[in-house]
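Just so it is clear, none of the values below were taken in a lab; they were calculated from the coordinates. Note that the coordinates shown come from a computational prediction; the quantities given were computed from them, not determined experimentally. Cβ: placed from backbone, ideal geometry, glycine included. Neighbour counts: every protein chain shown.
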Amino acid sequence: MQGVRAMEYPIYEAKKNLSYILHEAGEHLKLLPIKNAQRHDATRIWVVGEPVIETILEGLRCTPEWEEDGEQGLWTVYIPELDIWGQGKTRAAAADDLVTAALDYAAVYAEDVPFYLQVGRKHHLPYIWRLLLLGKEREKVKEFLGV
């Protein structure tokens, strides 16, 4: 039995109908694959609207680990899911530092996804995607990170 597949748009057709494809993906929540009909070994590219991506990723949660260094008067918060941390003289300052670190990491990761997939950080990708969707909205990023 053959699996169910979404209708694939050949690249030439996708170029002619890009506005329609983007509208269908964004407004009607359709999942639209585009395939190079000339190269059978080519990877399909999926056009997916942001609401669908948000639905896929909405269950992701981070589990912050807090530590206080009374001797130095510093708080550290660590996010094991992304292997990032923030520090500050207060919990709030550490949380702010963490948000900056998370947004910076997401931007760097997005610039070279193949590298991060090869160096053992493949499991970070859905978290990075979620951070990118949140953009620069620091309060929403704090909420996502659990701080």
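Of these, Y78, Y116, Y109, which one is part of a strand (DSSP E or B) and within 26 Å of R138 (Cβ to Cβ)?
Y78
Could you check segment 21-47 and list, in sequence order, the residues that are in a helix (DSSP H, G or I) and surrounded by 13 or more Cβ atoms within 10 Å (Cβ to Cβ)?
Those that are in a helix (DSSP H, G or I) and surrounded by 13 or more Cβ atoms within 10 Å (Cβ to Cβ): I21, L22, H23, E24, A25, G26.
Please work out which residue is surrounded by the fewest Cβ atoms within 10 Å (Cβ to Cβ), limiting yourself to segment 108-147 and to residues that are without any contact (Cβ under 8 Å) to a residue 12 or more places away in the chain and among the hydrophobic types (A, V, I, L, M, F, W, C).
Residue satisfying both the conditions and the ranking: V119.
I'd like to verify a number: residues in segment 81-106 that are in a loop (DSSP other than H, G, I, E, B) and either β-branched (V, I, T) or touching a residue at least 24 places away in the same chain (Cβ under 8 Å) (or both), how many?
Applying the first criterion (in a loop (DSSP other than H, G, I, E, B)) to segment 81-106 yields 81-83, 89-90.
Now drop any that are not either β-branched (V, I, T) or touching a residue at least 24 places away in the same chain (Cβ under 8 Å) (or both), which leaves 81-83, 90.
Summing the residues that are in a loop (DSSP other than H, G, I, E, B) and either β-branched (V, I, T) or touching a residue at least 24 places away in the same chain (Cβ under 8 Å) (or both) in segment 81-106 gives 4.
Picking from E50, E68, which residue would you name as being touching a residue at least 24 places away in the same chain (Cβ under 8 Å) and surrounded by fewer than 13 Cβ atoms within 10 Å (Cβ to Cβ)?
Details: E68 fails: touching a residue at least 24 places away in the same chain (Cβ under 8 Å).
Exactly one of E50, E68 is touching a residue at least 24 places away in the same chain (Cβ under 8 Å) and surrounded by fewer than 13 Cβ atoms within 10 Å (Cβ to Cβ), namely E50.
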